């Protein structure tokens with residue numbers, strides 16, 4: 001399948017949990033990130049082309065004025081992990097993020113993406 005991503009993702013070096021803000025449940029944790037999306041590792045499959053309110057808890061060193069970042073992400077693909085078949089890899093595109101949160105998200109990428 002040809003690559004559709006226009007912004008390259010970077011490997012994410014910190015264990016950062018991503019929550020479903022509607023339910024409070026853990027969706028997974030970030031393993032790759034870019035300014036326009038992310039790849040999560042999850043314990044179950046997620047429906048594709050579905051919008052989720054995603055929440056990331058922030059650490060004080062990120063200089064945020066709020067304890068968490070909430071934004072809308074759309075699942076674009078989902079596939080079983082080739083090495084650990086009990087895990088799934090899910091690609092998300094960031095659909096909407098308030099302008100004030102974008103610098104915080106970019107700071108996360110600068111600090112923790114390799």
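Values computed for the structure shown
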| read-out | value |
| --- | --- |
| Residue 49 being loosely packed, with under 14 Cβ neighbours inside 10 Å, more than 18 Å from residue 89 (Cα to Cα) and in contact with a strand residue (DSSP E or B) (Cβ under 8 Å, 6 or more places away or on another chain) | no |
| Test: residue in segment 57-67 that is touching a strand residue (DSSP E or B) at 6+ places or on another chain (Cβ under 9 Å), surrounded by fewer than 11 Cβ atoms within 10 Å (Cβ to Cβ) and touching a residue at least 24 places away in the same chain (Cβ under 8 Å) | no |
| Residue in segment 35-49 that is closer than 20 Å to residue 10 by Cβ, under 15 Å from the mean Cα position of the chain (by Cα) and assigned to a loop (DSSP other than H, G, I, E, B) present | yes |
| Selection from segment 1-34 of residues that are touching a helix residue (DSSP H, G or I) at 6+ places or on another chain (Cβ under 6 Å) and either assigned to a loop (DSSP other than H, G, I, E, B) or modelled with pLDDT of 95 or more (or both) | 13, 14 |
| Unmet criterion (only one of (1) part of a loop (DSSP other than H, G, I, E, B); (2) modelled with pLDDT of 95 or more) for residue 55 | (1) |
| Near pairs, Cβ below 7 angstrom, 6+ apart or cross-chain, from segment 88-109 (at negative phi and surrounded by 15 or more Cβ atoms within 10 Å (Cβ to Cβ)) to any residue that is at pLDDT 90 or above and in a helix (DSSP H, G or I) | 97/105 |
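The values are calculated or read from the model by the stated rules, or taken from the named source; none is laboratory data. Since this is a predicted model, take the numbers as computed values, not measurements. Virtual Cβ from ideal backbone geometry, glycine too; neighbours counted across all protein chains shown.
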